[in-house]
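Participant: One structure, pasted below without further comment.
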Amino acid sequence: MKSAARAAIVMPAVFAFADKVIADPQTATFAAFGSIAMLVLVELTGPPRTRLAAYLALGLVGATFVVLGTLCSRNAWLAAGAMLVVGFVVLYLGVLGGYFAAAGTAAILAFVLPVTIPAPLSSIPARLEGWGLAAGAAICAVMLLWPARPRGTLRPQAARACSALADLGDSKLAGDRATIEARARVAREAVDGLRGGFLGTPHRPTGPTGPTAALAALVDELEWLQSFLVPGVEEKSLELCREENAEALATTVAVLRASAATLEGQRERPDLEQLDAAREAVAQALARRISELPRDEDLQSALEPSFRIRVLSYSARQVATYALLAAGAEAPELEEQDIARRPRVARPAREALQATEQLAVEHASAQSVWFRNSIRGAVGLAVAVFIAQRTGLQHAFWVVLGTLSVLRSNALATGSSIVSALAGTAVGILVGAVLVIAIGTHETVLWAVLPVAVLLAAYAPRAISFAAGQAGFTVVLFILFNLIQPTGWKVGVVRIEDVAIGFAISLGVGLLFWPRGAASLLRENLASAYARSADYVVAMTRQLIDGNASSDGAEQASTMAVHQVEDAFRQYLADRSATSVGVENVATLVAGAARVRRAAQSLSALGSIADDADGLSGCGENLDGEVHALRAWYVTLGESLAHASPVPPPHVRDAEGRRRLFACVRDAVAGGDDARRRPALVLLWASQHLDDLWSLEAHLGRHAVQASRRPSRFVARVR
């Protein structure tokens, strides 16, 4: 409400100054619509300094677009070509983060207005004067008049998840079975809520670097940590390093609590040195005691507690580092082997540029929802500009505004938007016509009604509906054009004709470009994410076995595929044609792809504890059968989602390969050679990572089956 009231105060004042004091129609028009762009179409949040920089950048970009649009406005082909390029670039840059996505519509309006109103070059100063007046007043207003408080971000949710996981760890340390189950449920709910908040935003709430990238990384990391802390409630019959494990778990809990405090804004730094020392103590103790196990003991069962502790301690270190970076504090280097280049949390300008470039390249394919929507939007806007220019409509920019306002992710959603927009416009015309007829030529009354109309136009889309916003905006246009160039109720007829053309263009473009919508793209991206992440697991396992296999290509492909499926899921949630039924199952499948990728990252970290000793490649070859069976299952799962084929059951374990691996490791360490114990430990822990992925198969399979039974548009229709 405050932002709407701010617009209702500032926009009429700026327009009045331009119209009455400067007395130039070009200046008045650009001052009015510039104010709408800066105060109604965008609302940037965050720290004051960051917000100020973002608004200043938007003002400068808008001024550039005003000049460029004017230069191209006298030739229809040139105008359409420029609109195509500008529209694609602005829409595609939204992939870089919240500010780029949030300011996209305002930036496009800054280009649409001059390019659809043909004018000589001599009009550029007057147009810039109007835009500059609007931008300056808007920036002062948003920073000084009811400045927005930083909105709740993922940080509070991440803090709650850290605290809930720490509470669960405390219960496990105390052996309090009465509270373990309850706290495990609370921890799951907290982490699921964090994941839901991350995926539920209309665009990725991150940038390529810095605190926002760290916050995004926290989502995956806490989900990964929870998956190892929540299971394993029952005590194992044999635990080789009970004291070391308990100390490492206690240190992990302390680090999680300190991370929660950091995310809440407290000045508390996690003790990462103590965590590293506790984790190393577990590895050393376990390496010494492998050969002490009796031959008839279940080696896998004996090693599992220490395996989980190792994963938890590594993950807690990552969580702490991300928490420090998300809070803007100095942080130690990340465990490079534990993370992919996600976008990297990098501080130097050169690395930030590289991270930005990588993120943009990730989505430069037809599999990316950002790329598809950018192409669709740019083509629709370019067609609208060309038709508006060639037909010589009186207010041609309304055609483009109509196209921009209803162009959505697919043809069906575009159609529903058109109905709402036309209904709202019709209501607005009726209300506006009644107002104009009642007011007549009384300019003073029109000026008095303008702030109320702006208030309603800014407030209605959020508080009432999209159609109500269209109605309010139409009334504002009625009043504006009757103040600039009085034409009475006839302006309504022009408006309905022009926006109808724009809506028709948006519908045609929606039908032409990828009309199947977000659900189909999500299924395709899920298949790609599971396949690429499974490839990454295979590559990292082979690297542990061979010691020199390269995994860069698999790592980058997996990162790209997981980012694309997350963005496609956001589009799926925002799709007006999607139903809420079965969304939980689809969200689980999306998170599952990220978990497979995170397993590969954890496998990459295992190499760091082998002390560069010669690997037990002969023993490691026994992992081949299991890892390739895993890959085949996850690839088949993805294909079943993409093509609505039967979901595969969990694969049959390679029991003989596991038996040979354990026997080979026992024989290798029987001589007491310390140089061979750590490589043996790496192979055993790698085997346990594969066990965890096998356990995940049944969980994902159940959700895939449930999703296929739901009446949701996610399910492919078999023809």
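Laboratory data are not the source of any read-out in this text; all were calculated from the coordinates shown. The shown structure was predicted, so the numbers you read here are calculated from the model rather than taken from an experiment. Neighbour counts run over all protein chains shown; Cβ positions are idealised from the backbone, glycine included.
Participant: Which ³J(HN,Hα) values, rounded to whole Hz and listed in residue order, are derived for region 303-319 from phi using the Karplus coefficients 6.51, -1.76 and 1.60 in 6.51 cos²θ - 1.76 cosθ + 1.60 with θ = phi - 60°, glycine and proline given as x?
Facilitator: 8, 4, x, 5, 4, 5, 4, 4, 4, 4, 5, 4, 5, 5, 5, 5, 4
Participant: How far is it, in nm, from the label point at residue 52 to the one at residue 122 when both lie 7 Å from their Cα along the line to the Cβ?
Facilitator: Each label point is offset 7 Å from its Cα along the Cβ direction, giving 4.0 nm.
Participant: Still on this structure, please answer the following. Going by average Cβ neighbours within 10 Å, how do the peptides 191-197, 701-707 rank, with the highest at the top?
Facilitator: In decreasing order of mean packing, 191-197, 701-707 become 191-197, 701-707.
Participant: Right, another one. Which whole-number percentage describes the relative contact order of region 11-169, with Cα contacts under 8 Å and a sequence gap of 6 or more?
Facilitator: The normalised contact order for region 11-169 reaches 36 percent.
Participant: Based on the Kirkwood radius over alpha-carbon pairs, what is the Stokes-Einstein translational diffusion coefficient of region 10-88 at 10 °C with 1.306 mPa s viscosity, in µm²/s?
Facilitator: Estimated diffusion coefficient is 111 µm²/s.
Participant: For the ranges 643-652, 8-17, 305-314, what's the packing order if you count other beta-carbon atoms within 10 Å of each residue, average per peptide, and put the highest first?
Facilitator: Values: 643-652: 13.2, 8-17: 21.8, 305-314: 24.0.
The most tightly packed comes first, giving 305-314, 8-17, 643-652.
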